[in-house]
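Remarks on the structure that follows.
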Amino acid sequence: MKRLLCAVVTALLVAGVLVFFLRARRMPASAQASTAAAAGERRVLQKQPLGPDFYASRAIGKPAEGLPWITDLLVVDLDGDGLKDVLVCDGRLNKVSWIRQVRLGVFEEQDIGQPVQGPAHLEVADLRGTGHLDVLVSSMGVVPPDNEKIGSVVVLENDGTNHFTNHVLLDNVARVTYVQAAHLTQSGRLDLVVGQFGYIEGEIRWMENLGGGQFKSHQLLDLPGTIHAPAVDLNGDGKTDIVALVSQDSEEVHAFMNDGNGNFQDRVLHGSTNKDYGSSGLVIADVNQDGRPDIVYTNGDGFDYATPGSRPWHGVQWLENKGAGKFLFHRVGDFPGAFSPVVADLRGTGYNDIVSCSGFNDWNDPDAVSLMAFENDGSEHFTPRILAHVPTHLIVVKAADMFNDGRIELVTGAFMFYPPYDHVSRVTLWEHKE
Amino acid sequence: MAGNPALSGSRRTRWGLVCAALVLGAAGVFVIMRTHAPRLPALGSYGNLPAAFGRAVAGARLKAVADGYPSDDIRALARLYQANRFNDEALACYAILRKAPGGLTAQDHYYLGDIALYQGDLDQAILELKEVEETEPQYLAARLELGDALFKSGDAAGAAREYESILETMPNQPQAMFSLARIDLMKGGDDKAITRLETLLTAHPEMTSGAGLLAQIFDRRGEKQKALLMTQWSRQSPEPVPDDPWIDELLTNCYDVQRLSLKFEEYYTSGEIDKALPLLDRVEELDPKSYIPQLLRGWSQARAHNDFEAVAQYRMALDKGGDPEKICPYMAQSLIALGRLSDAAKLMAEFYAKKPDSVPILIAYSDVAVRQGDNVTATVLLRRVLEKEPYRVAANMNLAKILWASGERDEAAVCLERVTKVSSSDVVSRALLGEYHLRRSEPLAAIPPLEEAIAQSQKGTPAYTSLTSMLYAAYVEAGSSGADADAVGFLDKAIALDPANPNALAHKAALCAQARKFADAADALEKLRDLQPNNPTIYLSLGDVLYHEGKPDEARVDWQRAMLLTSSGNTALREALNARIDAPITEDTFR
């Protein structure tokens, strides 16, 4: 009996040591990829479990007028004052506005630039080398489906004194849903990646910066449906590649591999044969913190039917970058109407969680979820944690340490497109209660 | 030997042992059988499906158990689960079948492939679909699915081989040709892709996705006419869904109303009515209380312009308790199409009374009231719509027009401003806004909307002429006040807009003369003179300006010309001219 007891205790001790070392190996080094935690930022461990009580929400910026159509948000310190601001695309009022954090936790909103028709996506870059961030706006022309060539790329040029002037870089093209500045060649100038959803026709192109405000377009893909097309060095060769999520019956994730001189080779990384998959958003992040950028994307678009709403196949997935050009598909979880994936360590555990919001759910059902976190146990097994049921119709969520205190907040934007409209919001900040 | 107690005791013991052995043996056989019996998925709760599904599953399980787990029964259970998206349970059944005599059929592998695709496991899907190809190479849907799965997994070369092999037996198979065209494009083979797509459209003109892709290619290559033709081609109804009898068979086991409804819409939208309508019948059979079949029948009838039948279906949907917010707008549209405005109004009033805050009902009701010409009701409703959706274009325009006609132009202007904010191309709102500001003598506010409206309008049309006239008036008013630093600029714009109109020229001349910019004034007067060569006052003014510019001789010529053109009865003008021509000139001369 004694021997048995000793054996059991020894076994338990050995197991404990093994578990300790295994988990120690999983402790992350400084992340390099674009999660909400930049390298070196400290994280504060949150004891509160992820759930509906994790955040308190409040509206920031101007109050909702009617039924807002917020199409995108971007968290960025636009004026370089050390406080993070929120840039907003309003797809109904055709404008871009700046919710400026004037003091810690205090926000004021102002419109910037002239109207932009159907703004769909925002990025910032010092495009002209002035030392100030310009705002790149993807203009669809109109947000509802339309095959006309009414898209454009507009830059709101920043004069450094909080004044922005519109300058159109491309127009009269299939509706533009994504534009980002990136060094795609050796020229030292910032080129542009442009995704054009269009409708029946659409494309992806990159615009080579020739200097002097001149750009030359090179087409990459002749398909409609591009949602996002971020630029990233996918294989670690020092050259910036492009990853694109293409919907509209294609429902594919493409990688355009760059030889460094702007010659791109297209390949499909993963796709669905379900033409109603509803691809809705893509982000690049090192989910498992192995130093290789992974791809996280959502499918939740349920608009194009007699009865808009959720579908049972909606949810979140990630493509794990295994290196050598191999990507492994993982389903994170089901989530009706999923949009806007975000990767962030919400609780300061050192593991990257995934957040998504719902733009198309059954809003007649009080249990329908509008904001969800998928909590990472450290081995990339994700458990869904409901963050909120209201407000509803959330089409975009971003994560950032808004108050520079080591804790991650969320900001959401609402796109009120179909009834019921019982829980209207516009731009909402989700902050920690204490 | 009767009555020997020792002997009967041992016999009892032997019999007892035999019985015990038999019982133990039976128990052992039972345990062995239970251990080796297939493990069917446990019965669950299927709250989101009609009760009939639960009964069907229970019945199928009972049958399988009672019959000793024959493969056909397990197969039926698998398909029942799969048709209703209980894929884990279906997989458990297929696992049983895999080990059973006969194993999996091609159709089983196809269904397993379908599950793998649903779960995003392309590698597994490819394995299953290759199994189908081995045993049923003629099943086209599986081969197309295999090609697609290979392509989506990144194996474009493998996909191309699959599509090519399809074309060997089925030349011009449309989906294979389209997919190969995509692969051609990935490899930079524009010409090859174009040839393939053109061949595709010749053989299958219904392949509108092919036309869309061709339009994009031609547009990229700058072949605009061809692109336009293909764009128009691509706007016909979507191409038919490829035949897939095995999936159709699976759907006969479907109890999921949403799945059936979505499939109905897919078939209906691509024009396959014969396949679409039975699905609605099934929905109705499954859930007699559901209003979805009536709603979708109404929707499909309306799209076919059978509005009478559509209205009847919508009414049935409402009677079944369907959501009026979804149904009433559709029903109102059909009643309007039938010209039954009073019926539409009655319907909307009924549901407005029940749901006065519903935005879809408000919008539909206001639309009916506008069409009826019931401005009182329309105004109330439109104001309510705009309280909730201040930037709704149609509501703003409808209210603006009613208010404009009744003279409440200030409120109308607010509506029009909102329209201009959200619609970059609306001309009417801008025209009315321009007119509003002009009437209030606010030319600077009138100019921007009028300029935007003209930019959207076609030259030579009555609308363009009217807008031009208003904008001209705004420019002249803005310019002639002289107060704005851009005053002359506005007058120049007016002149550019309508060079044949003397008004702006006259104002510019006066403004420039007042500002002592005599050269500019002379330039304007000379243009005015060209327009009205027999107008003596122009020559008078021109002469004055030239004189002040330091050109007295030229001035005299113009004054003399003016005198020649002045009638003898115009004594005031003749005196003014005489003062310039005959008498010495002082500053008083020009007063």
Between rounded, prolate and oblate, where does segment B:258-305 land on the alpha carbon gyration tensor, with a ≥ b ≥ c its root eigenvalues, rounded for a/c under 1.5, else prolate if a/b exceeds b/c?
oblate
Peptides A:407-413, A:249-255, B:247-253: what's the order by average Cβ count within 10 Å, highest mean first?
A:407-413, A:249-255, B:247-253
Nearby aspartates and glutamates by direct alpha-carbon distance to B:K517 (threshold 13 angstrom, same-chain neighbours under 8 apart not counted)
B:D544, B:E549
Packing-ranked peptide list from A:115-123, B:188-196, highest mean Cβ count within 10 angstrom first, is A:115-123, B:188-196
Once you've got the Cα coordinates, tell me which of A:K433/B:K355; A:K95/B:K493; A:K95/A:K326 are over 32 Å apart.
A:K433/B:K355; A:K95/A:K326
Any chance you could list the semi-axes, whole Å, largest first, of the equivalent ellipsoid that the Cα gyration tensor gives for segment B:177-220, using √(5λ)?
15, 11, 8
Once every Cα of chain A carries one equal point scatterer and solvent is ignored, give the base-10 log of I(q)/I(0) from the Debye formula at q = 0.07, 0.09, 0.13 Å⁻¹, two decimals.
-0.33, -0.54, -1.16
Whole-Hz Karplus couplings 3J(HN,Hα) for segment A:262-274, θ = phi - 60° and coefficients 6.51, -1.76, 1.60, Gly and Pro as x, run x, 9, 10, 10, 8, 9, 8, 8, 6, x, 10, 7, 7
How shielded is A:327-338 by partner chains, expressed as the average number of their Cβ atoms within 10 Å of its Cβ atoms?
1
Segment A:194-237 versus segment B:216-236: alpha-carbon centroid distance in Å
20
Which whole-Hz ³J(HN,Hα) couplings does segment A:178-184 yield from phi under the Karplus relation 6.51 cos²θ - 1.76 cosθ + 1.60, θ = phi - 60°, glycine and proline marked x?
8, 8, 8, 8, 7, 7, 9
Footprinting exposure proxy for B:E309, B:E266 (fewest neighbouring C-beta atoms within 10 Å first):
B:E309, B:E266
Let's test the formula: R0 of 35 Å, r as the Cβ-Cβ distance of A:N263 and A:N404. What FRET efficiency results, to the nearest 0.05?
0.25
Percent of alpha-carbon pairs separated by more than 18 Å within segment B:430-568:
58
Per-residue mean of other chain beta-carbon atoms within 10 angstrom of the beta-carbon, peptide A:212-219?
1
Once every DSSP H run of n ≥ 4 in chain B is given -39500 (n - 2.57) and the sum is divided by its residues, what mean residue ellipticity at 222 nm do you get, rounded to the nearest 500 deg cm²/dmol?
-24000 deg cm²/dmol
Chain B: angle of helix B:190-203 to the longest principal axis, Cα-based, in degrees nearest 10:
70
Please order A:I150, B:I361 by the number of other Cβ within 10 Å, starting at the fewest.
A:I150, B:I361
Per the helix-only model, chain A has a calculated mean residue ellipticity at 222 nm (DSSP H runs of ≥4, -39500 (n - 2.57) each, divided over all residues, rounded to the nearest 500) of -2000 deg cm²/dmol
Mind giving me the FRET efficiency for A:H183 and B:E198? R0 is 45 Å, r the Cβ-Cβ distance, nearest 0.05 is fine.
0.70
Using square roots of five times the C-alpha gyration tensor eigenvalues, list the equivalent-ellipsoid semi-axes of segment B:298-379 in whole Å, biggest first.
20, 15, 9
Ordered by fewest other Cβ atoms within 10 Å, a rough proxy for footprinting exposure, B:H204, A:H163 read A:H163, B:H204
Tilt, helix B:224-234 to longest principal axis of chain B (alpha-carbon atoms), in degrees rounded to tens, equals 50
Förster radius 60 Å - calculated FRET efficiency between B:E526 and B:S342 (Cβ-Cβ, nearest 0.05):
0.35
Residues whose built amide H sits under 5 Å from the amide H of A:V232, excluding neighbours closer than 5 in sequence, are A:D241, A:I242, A:V243
On average, how much area does the Cα convex hull of chain B cover when viewed from any direction, in nm²?
49.9
Let me make sure I get this right: for segment B:447-498, a, b and c are the square roots of the gyration tensor eigenvalues over alpha carbons, sorted descending. Under 1.5 in a/c it's rounded, otherwise prolate if a/b > b/c, else oblate. Which is it?
prolate
First check a/c for the protein assembly as shown, with a ≥ b ≥ c the square roots of the eigenvalues of its C-alpha gyration tensor; if it is under 1.5, answer rounded, and if not, answer prolate when a/b is larger than b/c or oblate otherwise.
prolate
Pull up the cross-link candidates among the lysines for B:K354, meaning alpha carbon to alpha carbon under 18 Å and not fewer than 8 places away within one chain.
B:K320, B:K326, B:K346, B:K388
Partner shielding of A:265-276, taken as the mean number of other chain Cβ atoms within 10 Å, equals 6
Around A:Y55, which amide H atoms from residues at least 5 apart in sequence, or from another chain, sit under 5 Å from its own amide H, with H modelled in the peptide plane?
none
Mind jotting down a quarter of the surface of the convex hull over the alpha carbons of segment A:359-431, in square nanometres, one decimal?
5.5
Amide H neighbours of A:V124 at under 5 Å, excluding residues fewer than 5 places away on the same chain, with H built from the backbone geometry, are A:L136
Please compute the contact order of chain A in relative form: average sequence separation of alpha-carbon pairs under 8 Å and at least six residues apart, divided by the residue count, as a percent.
14
Looking only at A:N352, A:N364, A:N263, which one moves most when chain A is put into a Gaussian network model with springs between Cα atoms under 10 Å?
A:N364
Per-residue counts of other Cβ atoms within 10 Å, averaged by peptide: what ranking do you get for B:456-466, B:81-91, B:109-119, B:207-217, highest first?
B:207-217, B:109-119, B:81-91, B:456-466
Which pairs break 32 Å Cα to Cα here: A:K62/B:K263; B:K152/B:K192; B:K459/B:K508?
A:K62/B:K263
At 0.36 nm per residue, and after removing the present C-alpha to C-alpha distance, how many nm does the segment from B:A27 to B:Q458 gain when stretched out fully?
145.8 nm
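A short reminder: the numbers here are calculations on the coordinates, not readings from a lab. Everything quoted here is computed from the prediction, not taken from an experiment. With ideal geometry, Cβ positions are generated from the backbone for all residues, glycine too; neighbour counts draw on all protein chains shown.
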